[in-house]
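Values in this text are rule-based calculations from the coordinates and carry no lab data. Everything quoted here is computed from the prediction, not taken from an experiment. Neighbour counts run over all protein chains shown; Cβ positions are idealised from the backbone, glycine included.
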Amino acid sequence: MTKPITLAILISGNGSNLQAIIDAIETGQLNAEIMAVVSNNPEAYGLVRATRHNLHTWVIDDRDYNSRKHYDDVLRHYLETIGPDYIVLAGFMRILSPGFIDAFEHRILNIHPSLLPAYKGLNTYQRALDNAETRHGVSIHLVTAELDAGPIILQASYDVEAGDRAEDLQRRGIQLEHRMFPQVLSWLADERLTIKEGQVFYDQALLEQPIQFDH
Ligand code: GRF
């Protein structure tokens, strides 16, 4: 077996995507090692999940820092020290500063609950319902300095049905999310997916459109 890719996973809450990644590693579907789970929220349930699986956890509590720069410098120093191949934002609810993103250029991945470029930012499900969308979805993308705007790697879409509430879309979306992050990470581990100078290649070909997740 080739060397596993190494990951730092950043969370803020439930950590169900973290759990999906842990499960994929433990069942041999993903050749990766989680070097650390970092949370900005000491109450994040994802920390409990990480500890159960004997993962190294670290809390950098938002409330202890009064400037974004200071917070990001501490986080950056920690991540530079452990040196993961990729930084996985799995429900990390902080905006990272351009200086931080530059330090880990093209090595940060985010999952976002919409069909980007539509519905960047928060409350994507409700905003999609308010606009009477008939399709909604999930995107995994490379993180660049502009919020939710880096190259999109994988997308999954699903129908919005009459009478759906935000919770219904969330339930449908999160089930897809749990399959999507392990998929993208295993493509990276197998080098089917490569990133060069901010461009994404899949099976050696430049990815001009997001890959559509088959579900
Ligand atoms: C997910 O819906 C993800 O798309 C968003 O935050 C949520 C995290 O959920 N960025 P969890 O903490 O992985 O359960």
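Which percentage, to the nearest 5, of the DSSP beta bridges contained in the chain is antiparallel? Restricted to the chain, the bridges split so that about 45 percent are antiparallel. Whole-Hz Karplus values for region 85-94 come out as 5, 9, 10, 10, 8, 10, x, 8, 9, 10 Hz, taken residue by residue from phi with 6.51 cos²θ - 1.76 cosθ + 1.60 and θ = phi - 60°; glycine and proline positions read x. Summarising the label geometry, the points placed 7 Å from Cα in the beta-carbon direction at LYS120 and THR81 lie 3.3 nm from one another. The order of TRP58, TRP187, going from fewest to most other C-beta atoms within 10 Å of their C-beta, is TRP58, TRP187.
Do any GluC sites (Glu not before Pro) in region 142-215 lie in a DSSP loop with no more than 10 other beta carbon atoms within 10 Å, and if so, which? Answer by residue number: GLU146, GLU161, GLU197, GLU208.
Farthest toward the positive end of the dipole of the chain, out of MET180, THR134, ALA8, is the Cα of ALA8, where the dipole comes from beta carbon charges about the Cα centre. Looking only at LEU116, LEU147, LEU176, which one moves most when the chain is put into a Gaussian network model with springs between Cα atoms under 10 Å? Among LEU116, LEU147, LEU176, the largest mean-square fluctuation in the Gaussian network model of the chain belongs to LEU147. Calculated mean residue ellipticity at 222 nm for the chain: -10000 deg cm²/dmol, from DSSP H runs with n ≥ 4 weighted as -39500 (n - 2.57), summed, divided by the residue count and rounded to 500. Anyone know which of LEU30, LEU122, LEU109 comes out most mobile in the 10 Å Cα GNM of the chain? Among LEU30, LEU122, LEU109, the largest GNM mean-square fluctuation belongs to LEU122.
Taken over region 93-215, the convex hull of the Cα atoms encloses 103 Å³ per residue.
In loop segments of region 143-215 as defined by DSSP, the trypsin sites (Lys or Arg not before Pro) with at most 13 further C-beta atoms inside 10 Å of their C-beta are ARG165, ARG192. Please list, by residue number, every one of the trypsin sites (Lys or Arg not before Pro) in region 102-163 that is coil in DSSP and has at most 16 other beta-carbon atoms within 10 Å. Counting only loop positions with at most 16 other Cβ atoms within 10 Å, the trypsin sites (Lys or Arg not before Pro) in region 102-163 are LYS120. With Cα atoms as the point set, the chain shows a radius of gyration and Dmax of 16.7, 50 Å.
Taken about its Cα centre, region 1-157 carries a charge dipole of roughly 160 debye when the Cβ of each Lys and Arg holds +1 and the Cβ of each Asp and Glu holds -1. In the elastic network of the chain, a GNM with C-alpha springs shorter than 10 Å, the most mobile of SER139, SER67, SER97 is SER67.
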